[in-house]
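The values are calculated or read from the model by the stated rules, or taken from the named source; none is laboratory data. These numbers were taken from a predicted model, which means no experiment stands behind them. Virtual Cβ from ideal backbone geometry, glycine too; neighbours counted across all protein chains shown.
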Amino acid sequence: MLGGLEWFNFSDWTDGFLIGSPGGVDDGNSALISLNFAYALDRASELYSYFGYDMEAGKYKKMAMDIKASVRELCWADSSDLMVDTPEKKRFPSITIFSVS
């Protein structure tokens, strides 16, 4: 997971997100924010690879894979086959907007 985040981390004006931010953003344990970052790292990896910067591409690809694995390990609820908002596993997102694969 990402750790503490300084700035306002808006995600969506959906029900259940206080001022547009998912649970866990203040302490850095938000599954949604972590997976959004992993997605950005995957896209950065593709760009680096396209331009021949294979070392950088590999670095960002590994970071993305590590974050996704951490989120899956900490936020997957076997009992319901759903991803929860934070590792505390107290709240499920009101909508499914991400996947871990």
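So the values come out like this:
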read-out: Which numbered condition residue 58 misses (of (1) modelled with pLDDT of 95 or more; (2) farther than 20 Å from residue 2 by Cα; (3) loosely packed, with under 15 Cβ neighbours inside 10 Å); value: (2)
read-out: Evaluation of residue 19 against (1) modelled with pLDDT under 75; (2) surrounded by 13 or more Cβ atoms within 10 Å (Cβ to Cβ) (one fails), failing number; value: (2)
